[in-house]
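The values are calculated or read from the model by the stated rules, or taken from the named source; none is laboratory data. These numbers were taken from a predicted model, which means no experiment stands behind them. Glycine also receives a Cβ, built like all others from the backbone with ideal geometry; neighbour counts cover every protein chain displayed.
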């Protein structure tokens, strides 16, 4: 009876610990080759990521068990201790940051400092776009990396530390948004505990030190300012400032700008709409001035190419990356149309956090490229307010399944191929030949999209949005089977 009572009261802890043990033993038994013990630590860290997926659930459920005795300040302290320990672990054991930081982004900063920003663009062919790719990145991110390169040369240690400080800022703004929403404290405590032990921020910020922390911080500042504008209208201009900077550091940030512009339009706030558009254009011109001075038409032409330049065999390519001049913008049209419908239906309601979650989720559903960093955007924002623990955990499980499949099949491909001689290009080629890329796209990314659709349903409690979001998929498959595109 005592054992039965223990299993009943601590079921989630028992299950998560059992999964942790099984996952750890399996990974250490299978992925124990020289590559995973040496080169994987400085390139992809796939072995560690698989271990982290198993590890993260157990401490969360243990924290949840004692949540009543933990204040928000104590959870903040746990966050700081956890991140210090992870930072020390990654540093002492020489786990590298994302290789793009040292290679790709460093080359962008070097090109800018050498004055190559003002060289003529290449033609609009695929090869020409690839040659110009270094200056097709969001402008504010280009300046951000260049600034960091000037100050400390993008040293990995300092770069990782800087991003952890940005994550601390994200946590603080999450708290300020929670205070502005005035919801029950216990929901934020659950969300904060979940964030602390979620694999996605640990992967994106702690391990890879991806630049995504910077635009997310700007986006959260925009959300906070907009929520404050409900009582002080002057905050709306500050909100637009942060959202515009957010969009200029990560193009998907423009989704929140679009949502607000549609909201002003549908509510017939035309004077405010005009002022806000002028503000956006002014900020855009200021941040992008070197690119506009060099070749304004060429720069604007290439803004729409940024999501079309990945090769067809890229593991992040989704079913919505369409290689057809006429149809390639259809997914964006779906996203804009559904977003406009959602904003119109909710135009007279008080705008809360759900508004920002839903509209960015819609765009992620139809994105031509699916990367794990998108999950950090979603998980971070929904952790501010746990609307329903069951729905939240179900959504998170779908996201984790996508991430697990992506990492697992990448690791299996390395295990079965010869990465020492073929390199990453050879691994990708093997994944295509073995059907791994197809599995990631058709199974893993499907979990990602289902998770987003389920999240939207959980927030709206309206099945019509599920049907509306599924119809484009039926259309997409119909086009594929009829004309093979």
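What the table shows:
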item	result
The range 241-253 - residue that is assigned to a helix (DSSP H, G or I) and at pLDDT below 95 and, of those, farthest from residue 353 (Cα to Cα)	251
Yes/no for residue 228 being out of contact with any strand residue (DSSP E or B) (no Cβ under 6 Å at 6 or more places or on another chain) and farther than 17 Å from residue 75 by Cβ	yes
Selected residue (only one of 217, 192, 207, 238 is surrounded by 18 or more Cβ atoms within 10 Å (Cβ to Cβ) and more than 17 Å from the chain's Cα centre (by Cα))	192
Matching entry among 387, 396 (being under 14 Å from the mean Cα position of the chain (by Cα), over 22 Å from residue 169 (Cβ atoms) and in contact (Cβ under 8 Å) with a residue 40 or more places away in the chain)	396
Members of the range 263-292 found to be over 15 Å from residue 143 (Cα atoms), part of a helix (DSSP H, G or I) and without any contact (Cβ under 8 Å) to a residue 40 or more places away in the chain, listed by number	264, 265, 270, 271, 272, 273, 274, 275, 277, 278, 281, 282
Residue list for the range 265-278, restricted to those being closer than 13 Å to residue 237 by Cα and touching a helix residue (DSSP H, G or I) at 6+ places or on another chain (Cβ under 6 Å)	272, 273, 276
Some residue of the range 399-406 being surrounded by 14 or more Cβ atoms within 10 Å (Cβ to Cβ) and closer than 26 Å to residue 351 by Cβ	yes
Every residue from the range 439-485 that is in contact (Cβ under 8 Å) with a residue 12 or more places away in the chain, under 19 Å from residue 357 (Cα atoms) and more than 23 Å from the chain's Cα centre (by Cα)	468
Close pairs from the range 29-40: first more than 16 Å from residue 427 (Cα to Cα), partner not in a helix (DSSP H, G or I), Cβ under 6 Å, at least 6 apart	none
Condition check for residue 283: modelled with pLDDT of 90 or more, surrounded by 15 or more Cβ atoms within 10 Å (Cβ to Cβ) and either touching a helix residue (DSSP H, G or I) at 6+ places or on another chain (Cβ under 7 Å) or not assigned by TED's automatic domain parsing to the domain that holds residue 123 (or both)	yes
